[in-house]
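Data block below; observations after.
What follows draws every value from the coordinates through simple rules; no lab data is involved. From a predicted model like this one, the values you see are computed outputs, not experimental measurements. Methodologically, a virtual Cβ is constructed for each residue, glycine included, from the backbone with ideal geometry; neighbour enumeration extends over all protein chains shown.
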């Protein structure tokens, strides 16, 4: 009896809250509703001479001249003699590919100058990020926070050969021209430095 009474009250409440006008609202739901995008602290060292006793929590290149670590916890590490340190907070743009940052990685790091505010820059990147997602491109992408109109753009690829194959196809596609045009009005990036970290 009580259950029926509660159902009746619920129905009356719902009817009283509804509007007689037939207005339909559509809400666009993006990936951000489903996937938490992380911010990583990047510590990258480019050293003048090989270092065999570098911190073991860092990944290294085979020549022992370059070392890096992504961390959600560790902030800027200390300076190291004979090494140039790059530190940045990297905002993840492709959270579905986060597994690519766990093993051996092929990193592409570009230093970029922004011509616009960060939200406009992210809008300019949106078609490229959508292309990566739709075509299941095996790359993790992130950009640093913009400081003094500068930012870092990082791509972490499945492998060097995968990157080369993708770029060969990408350069000849219509999408690359559209993206280059859209991005050029928002930012200019230098040729990337590439590293194979083990």
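Listing 116, 188, 137 from fewest to most neighbouring C-beta atoms within 10 Å gives 188, 116, 137.
Which FRET efficiency value, to the nearest 0.05, is calculated for residue 172 and residue 131 with the Förster distance at 25 angstrom and r the Cβ-Cβ distance?
Details: r = 14 Å, r/R0 = 0.57.
Efficiency, rounded to the nearest 0.05: 0.95.
Once each part is reduced to its C-alpha centroid, what is the distance from segment 105-123 to segment 132-150 in angstrom? The distance from the Cα centre of segment 105-123 to that of segment 132-150 comes to 7 Å.
Specify, per residue and in Å³, the volume enclosed by the convex hull of the alpha carbon atoms belonging to segment 53-192. Walk me through the intermediate numbers first.
Numbers: hull volume 18.0 nm³, N = 140.
Cα convex hull per residue, to the nearest whole number: 129 Å³.
In this label model, residue 64 and residue 113 are separated by 3.9 nm, measuring between points 7 Å along each Cα→Cβ vector. In this structure, residue 164 and residue 81 have a Cβ-Cβ separation that, at R0 = 41 Å, corresponds to a calculated FRET efficiency of about 0.70.
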